[in-house]
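Here is the structure we will look at.
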Amino acid sequence: MSGSSYTARNLSSVSYKDALVGVVSLLLGLLVAVLGFVALMMWLDARNLRDHAAHAAASAPASSMGGMDMSSTNLGSLTSYAGAAPANADSLAAAHKAYPATLPAAPAGPVVDVHLVLTDLNIQIAPGIKYAAWAWAGGAPGPIIHVRQGQLVKITLTNNGAIPHSVDFHAARIAPDKAFGDVFPGKSVSYTFRANDPGVFMYHCGTKPVLMHIANGMYGAIVVEPKPGVLPRADENYVLVASEWYLDSDGLQKPAQFNMAKAHARQPDWMTFNGYAGQYVKHPLTASPGDLVRFWVVDAGPSLDTDFHIVGTILNTAYVFGDMKPADALHDVQTVTVPAGGGGVFDVKIDQPGLYPFVSHAFAAVDQGQVGLLNVGNVKGTMSH
Ligand SMILES: [Cu+2]
């Protein structure tokens, strides 16, 4: 018994020491944790500074390219060139060949080959307004790509521009560091992805500074058609790519170039559907009364949302954000936001013949060119809204 009681006392004394050691260890542990936390914060801070420095360095060479204004200071003196127009703007608008908004047919077969070519070229973004773009062989936006859900999409990008570019497909689930890497001038790259997610998606150059590459025209839309029978058949399918333009001059005499200060301030000079201000006012999209008209809308940004609205009617079905599951769709809504870098699909049926403006109802966008007309029933005349 006594042995057992001795053992008990001894045990109790051992426990006391253990407790002391435990408390000291806990305090030491806490101290190490605090010191570790402080060190981590200092490291993150240093890394942040490094990233900023790297970003500034990445942007710096662009400031010497073609006299681009990369300054992001002096925001008080930004000059707007919105609405600049030559005397013959009206006849130029009439002569302009509108970007074909009609959705092209999707190729048959299990694999779709898409060859994209990037290049530097002078384009017009409004009647008589010239712009030195970094864009696609056909201008901006790039070609409308149409595939069916489940098809394998093989992208080949050829860079005929003067500096590195790349192409980022929002429709892909793919490691971006491998697929979306920079392609040097004169080089090509290929990658594939399975178009498993239906909707309408943006594609764009993802080379830094991305803001500049997108704003210069390097964007487009891909429609991934849902499986047959999911959507009601549309009589007309139109694709609209909304975007903003930030100019360093009015573009009347010589091509304007990108202005980074305006882009950072989100103060565009022009806003367009399919790259040219008001082109579907002079060259309206068409439908017959009672048609189901489907708009596949992408907002390429680079920075402003599009508040899609059709004057004189209500959107019968809105596949918001391009979520194509019919159970998720909204019905009978007036205006739906398409976010920068996102999409939306809108079905509308119009019975009364007439001219129906489609706009971004953030109305400064309309004044800057983001407006077109849907002519229902081949009526005469025009309308600006
Ligand atoms: Cu680029």
Relative contact order (%) - region 140-188, alpha-carbon pairs under 8 angstrom, separation at least six: 41 percent
Mean separation of Cα contacts under 8 Å (6+ apart) over length of region 101-376, as relative contact order %: 18 percent
Formal net charge of residues neighbouring ASN159 (Cβ-Cβ distance under 13 Å; K, R +1; D, E -1): -1
Cα pair distances in region 286-385, grouped into 5 Å bins until the bin that holds the longest one, percent each: 3, 14, 23, 24, 19, 12, 4, 1
Cβ crowding within 10 Å averaged over residues, with 201-212, 278-289 ranked highest first: 201-212, 278-289
Over region 189-246, relative contact order from alpha-carbon pairs under 8 Å, at least 6 apart, %: 35 percent
Theoretical gain in end-to-end length, THR156 to ALA265 [0.36 nm per residue, Cα-Cα removed]: 35.8 nm
Cα-projected label distance for ASP332 with ARG173, points at 7 Å along beta-carbon direction, nm: 3.6 nm
Over 32 Å (Cα to Cα) - which of LYS227/LYS349; LYS154/LYS262; LYS262/LYS282; LYS130/LYS208 fall in this group: LYS154/LYS262
Computed label-point distance, nm, for sites SER188 and ASP113 using a 7 Å Cα→Cβ extension: 0.9 nm
³J(HN,Hα) computed for each position of region 147-160 - Karplus, 6.51 cos²θ - 1.76 cosθ + 1.60, integer Hz, glycine/proline x: 10, 9, 3, x, 6, 8, 9, 9, 8, 10, 10, 10, 9, 9
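Given a Förster distance of 25 angstrom, what is the FRET efficiency for ALA364 paired with VAL210, based on the Cβ-Cβ distance and rounded to 0.05?
After rounding to 0.05, the efficiency reads 0.60.
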Per-peptide average of other Cβ atoms within 10 Å, ordering 317-328, 233-244 highest first: 233-244, 317-328
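Every number here is computed from the coordinates shown, using simple stated rules; none is lab data. Nothing here was measured: the structure is a model prediction, and the numbers come from that model. Methodologically, a virtual Cβ is constructed for each residue, glycine included, from the backbone with ideal geometry; neighbour enumeration extends over all protein chains shown.
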